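K.L.:
Please find one structure pasted underneath; my questions will follow.
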Amino acid sequence: MKTSKMTCFANFLLVSVLALLFILPFQTAFGTTDAVVQKWVKEFQPSAVSQEEQAKELAWFAEVSKPFRGKMIRSTAEDIKTHFWESRVLAKAFQEITGIQVEHEIIGEGSVVQRIMEQLKTGRNIYDIYVNDADLVGTHLRSQGVVNLSEYMKNSGKAYTNPRLDLGDFLNLEFGQDYDGNQLQLPDQQFANLYWFRYDWFTRPDIMKKFKKKYGYTLGVPVNWAAYEDIAEFFTNTPIDGKKVYGHLDYGRKSPSLGWRFTDAWLSIAGVGDKGLPNGLPVDEWGIRVENKVPVGSSVERGGAMNAPSAVYALTKYIDWLNKYAPPEAKRWRWVDAGPKAARGDIAQRIFQYITWLSHDDFHRAGSPVVGKDGSPLWRVAPTPHGRYWDEGMKVGYQDAGSWTIPKNVKGQRRAMAWLWAQFCVSKTVSLGKFLEGGTPVRKSTVFAKSLDPIKHKMGGIIDFYRFPAENKWTDSGPNVPHYPDLSAVWWPNISRAISGQYTPQQAMDAIAKTQDGLMARMKLVKYSPRLSKPKGKKYWLNQPGAPKAERPRPKPITISYDKLIKQWR
């Protein structure tokens with residue numbers, strides 16, 4: 001009897017010791033203690049909220065995740081600085097706080113699109129959640145293949161929705177919404193496509209004098225393409241301090257990123273579409289006419305504008321400027337190659353600068369040719385100049401909005417864990433730090449944080465831009481594009497043929513319009529599937545108000561002083 005009792009007691013002790021050996025390290029590793037929360041509060045400084053608020057937010061994540069401790073999820077995002085920071089820093093913090101391990105794989109943007117579309121088509125679980133551009137919202141709303149986050153937050157996901165999520169604090173929440181305002185995608189990072197220029201050169205009296213003498217007006221931030229073109233010509237043919245410089249920067253290598261150069265609102269900036277925000281209606285920046293949420297055509301004959309004079313003008317200017325004013329090697333560059341090139345010191349301006357590249361060290365390090373002796377940038381960003389077909393009331397430029405997107409085949413606990421991870425990455429606790437790392441804000445509280453005031457002059461106008469109320473005029477591709485992957489694949493091969501001279505700009509845009517219409521005619525989507533209208537002829541449509549628009553002459557070049565512009569922003 002004594003032996004039996006002793007044996008039971010020994011077994012009890014053994015089990016207790018084993019339990020302690022397992023549980024204590026588990027608690028420490030996975031952040032269920034105040035110490036771990038406080039550790040990460042200190043790590044996430046500065047923040048837009050107080051340390052007390054940060055601690056409460058992180059404690060909520062620790063508490064709500066208890067049922068999922070020891071589990072793992074997989075997510076993916078494109079290869080920009082912001083997402084590398086999420087993978088390196090936030091995934092570690094999330095695991096220590098919640099006990100959920102995240103494999104956040106960073107891959108090319110094209111690969112992100114391929115994999116999410118494969119998962120939606122096959123039902124095979126590749127990742128539990130994607131940072132997928134909101135450019136695909138038109139695809140997602142028509143295929144009905146992703147989780148409706150608005151419904152999820154109200155119903156089965158309510159318990160896992162951060163009470164401090166504060167959707168009203170997001171800068172451009174509408175980018176990821178369907179026509180009815182349902183949130184299909186939650187912004188994780190966004191970066192605008194702005195005009196970039198050498199402020200130091202543009203304000204030098206000797207350079208300004210030469211420009212005024214040649215063109216008859218003052219050198220400044222170009223308001224329209226006519227002024228941009230003059231400035232590009234001037235700097236390309238005017239040595240600065242005895243050195244050759246270029247008045248334009250671009251890229252032209254045959255690759256999918258050549259398509260992004262155009263789908264990312266180049267046609268809209270030229271003035272191809274109609275008035276309306278976030279995208280033109282009834283014709284958007286892809287030249288697609290939409291009636292009652294249904295795409296009816298992109299060729300001029302069907303009321304679209306893909307091959308209209310405005311679109312041909314957009315492609316013509318792109319090729320002319322690439323040939324005449326950009327470095328000769330630019331034709332061999334892709335998006336990723338051209339991104340940081342303005343920092344090399346011989347570029348005067350760039351009409352199409354994604355600001356995510358401005359977080360690159362070369363734009364800020366001591367000794368860089370674009371950084372002054374006091375450590376301040378010699379460059380600035382300003383609003384995107386618009387083409388001759390642009391009309392007041394149209395969108396002004398483009399913003400990329402990489403957004404958390406959950407495929408519908410991710411269910412139950414995996415969906416809940418994925419949603420927690422997404423919210424963690426956009427929480428107020430971490431958002432300011434993420435912006436300082438990657439330059440891609442999604443929250444108003446981030447860009448209006450007082451801790452940015454002493455350093456915003458080192459960001460060349462980026463903070464001023466995001467604090468400017470008209471920031472919402474820079475938008476993504478929007479809901480009118482019925483199938484982003486299929487249609488965008490049509491663009492870059494035809495644009496490449498125009499660059500090489502195989503096609504004229506008109507032939508290239510005709511080919512894109514025809515192929516795009518053919519693809520839309522064959523689409524069978526769950527909601528708002530395309531239904532092509534009957535052709536009426538170019539003459540009929542070009543005589544109608546709005547897009548497609550008849551030919552326009554070159555307007556008078558217009559510039560504005562940057563200092564005057566920045567006062568308007570502020």
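K.L.:
Along the positive direction of the dipole of region 169-211 (beta-carbon charges: Lys, Arg +1; Asp, Glu -1; about the Cα centre), which of GLN189, GLY176, PHE211 reaches farthest?
P.N.:
Farthest along the dipole direction, towards plus: PHE211.
K.L.:
OK, next. So if R0 is 22 Å, what FRET efficiency would LEU542 and GLU291 give, r being the distance between their Cβ atoms, rounded to the nearest 0.05?
P.N.:
So the FRET efficiency works out to roughly 0.75.
K.L.:
Which percentage, to the nearest 5, of the DSSP beta bridges contained in the chain is antiparallel?
P.N.:
Once the DSSP bridges in the chain are tallied, antiparallel ones form about 70 percent.
K.L.:
So what's the angle, to the nearest 10 degrees on a 0 to 90 scale, between helix 34-43 and the longest Cα principal axis of the chain?
P.N.:
Here the helix axis deviates by roughly 20 degrees.
K.L.:
Angle check, please: helix 2-29 long axis (alpha carbons) against the longest principal axis of the chain (alpha carbons), in degrees 0 to 90, nearest 10.
P.N.:
Taking the Cα atoms of the chain, the angle to 2-29 is about 20 degrees.
K.L.:
Ordered by packing density, taken as the mean number of other Cβ atoms within 10 Å over each peptide's residues, highest first, how do 136-146, 444-454 rank?
P.N.:
Top of the packing list down: 136-146, 444-454.
K.L.:
Ok, one more. Could you list the residues of region 458-495 with an amide nitrogen less than 13 Å from a label point located 7 Å from the Cα of ILE560 in the Cα-to-C-beta direction?
P.N.:
Those under the cut-off are 465, 468-471.
K.L.:
Share of Cα-Cα pairs in region 77-231 beyond 18 Å, in percent?
P.N.:
72
K.L.:
Using alpha-carbon pairs under 8 Å, 6+ residues apart, how would you state the relative contact order of the chain in percent?
P.N.:
Taking the mean separation of contacting Cα pairs over the length of the chain, I get 24 percent.
K.L.:
I would also like to ask the following. About the Cα centre of the chain, how large is the charge dipole given +1 on each Lys and Arg Cβ and -1 on each Asp and Glu Cβ? Please answer in debye to the nearest 20.
P.N.:
Magnitude of the dipole: close to 580 debye.
K.L.:
Report the calculated FRET efficiency for ILE455 and ASP337 (r = Cβ-Cβ distance, R0 = 30 Å), to the nearest 0.05.
P.N.:
Working: r = 29 Å, r/R0 = 0.96.
Computed FRET efficiency for ILE455 and ASP337: 0.55.
K.L.:
Could you state the number of Å between the C-alpha centres of region 294-370 and region 75-111?
P.N.:
When both Cα centres are located, 29 Å separates them.
K.L.:
Taking amide H atoms as placed 1.01 Å from N in the peptide plane, list the residues 5 or more away in sequence, or in a different chain, whose amide H sits under 5 Å from that of VAL146.
P.N.:
HN-HN under 5 Å from VAL146: LYS408.
K.L.:
If you don't mind, there's one more thing I want to ask. Would you mind putting 351-362, 35-46 in packing order, based on average other-beta-carbon counts within 10 Å, highest first? Kindly include the intermediate steps, with their values, before the conclusion.
P.N.:
Working: 351-362: 21.2, 35-46: 15.9.
So the peptides 351-362, 35-46, ranked by packing, come out 351-362, 35-46.
K.L.:
At GLU329 and THR238, where each label point lies 7 Å from the Cα along Cα→Cβ, what is the point-to-point distance in nanometres?
P.N.:
According to this spin-label approximation, the distance is 2.6 nm.
K.L.:
Measure off 7 Å from each Cα along the Cα-to-Cβ vector at ASN125 and LEU277, then give the distance between these two points in nanometres to one decimal.
P.N.:
4.1
K.L.:
For ASN132, what charge total do you get from the other residues with a beta carbon under 11 Å from its beta carbon, if Lys and Arg give +1 and Asp and Glu give -1? The partial results should precede the final answer.
P.N.:
On the way: positive: ARG115; negative: GLU78, GLU109, ASP133, ASP135, ASP188.
Residues close to ASN132 contribute a combined charge of -4.
K.L.:
Turning to a different aspect of this structure: Could you give the size of the charge dipole of region 360-415 about its Cα centre, using +1 on the Cβ of each K and R and -1 on the Cβ of each D and E, expressed in debye and rounded to the nearest 20? Please report the intermediate quantities before stating the final value.
P.N.:
On the way: 9 positive and 6 negative charges, 109 e Å.
Dipole magnitude for region 360-415 comes out near 520 debye.
K.L.:
What dipole magnitude, in Debye to the nearest 20, does region 385-460 give about its Cα centre under +1 on Lys/Arg Cβ and -1 on Asp/Glu Cβ?
P.N.:
400
K.L.:
Round to the nearest 0.05 the FRET efficiency obtained for SER111 and ARG88 when R0 = 22 Å and r is the Cβ-Cβ distance. Could you put the intermediate results ahead of the total?
P.N.:
Details: r = 19 Å, r/R0 = 0.88.
About 0.70, to the nearest 0.05.
K.L.:
Net charge near VAL36: determine it from the other residues with C-beta under 15 Å of the C-beta of VAL36, scoring Lys and Arg +1 and Asp and Glu -1.
P.N.:
Summing Lys and Arg as +1 and Asp and Glu as -1 gives +1.
K.L.:
Which ³J(HN,Hα) values, rounded to whole Hz and listed in residue order, are derived for region 374-380 from phi using the Karplus coefficients 6.51, -1.76 and 1.60 in 6.51 cos²θ - 1.76 cosθ + 1.60 with θ = phi - 60°, glycine and proline given as x?
P.N.:
For region 374-380, the Karplus curve yields 8, x, 8, x, 8, 10, 9 Hz.
K.L.:
Got a sec to turn the phi values of region 526-532 into Karplus ³J(HN,Hα) couplings, 6.51 cos²θ - 1.76 cosθ + 1.60 with θ = phi - 60°, whole Hz, x for Gly and Pro?
P.N.:
Here the 3J(HN,Hα) series is 5, 10, 6, 5, x, 9, 5 Hz.
K.L.:
Output the relative contact order of region 211-300, whole-number percent, from Cα pairs under 8 angstrom with separation of 6+ residues.
P.N.:
Over region 211-300, the number comes to 12 percent.
K.L.:
How much length is gained if the chain between SER150 and MET72 is pulled fully straight, taking 0.36 nm per residue apart and subtracting their Cα-Cα distance, in nm to one decimal?
P.N.:
On the way: separation 78, 0.36 × 78 = 28.08 nm, distance 2.47 nm.
Stretched fully, the SER150-MET72 segment lengthens by 25.6 nm.
K.L.:
Oh, and also: Of the listed values (1) 27.9, 88; (2) 24.0, 79; (3) 26.2, 110, identify the label whose number matches Rg and Dmax of the Cα atoms in Å calculated from this model.
P.N.:
(3)
K.L.:
If you take the charge dipole of the chain about its Cα centre, with +1 on Lys and Arg Cβ and -1 on Asp and Glu Cβ, which of THR82, MET72, GLY138 is farthest toward its positive end?
P.N.:
Farthest along the dipole direction, towards plus: GLY138.
K.L.:
Which of the peptides 488-501, 379-392 is most tightly packed, and how do the rest follow, judged by the mean count of other Cβ atoms within 10 Å per residue?
P.N.:
379-392, 488-501
Read-outs throughout are calculated quantities, based only on the coordinates presented, and are distinct from any laboratory measurement. Computed from a predicted model, the values in this text were never measured in an experiment. Heads up, the Cβs are rebuilt from the backbone with ideal geometry, glycines too, and the neighbour counts pull from every protein chain shown.
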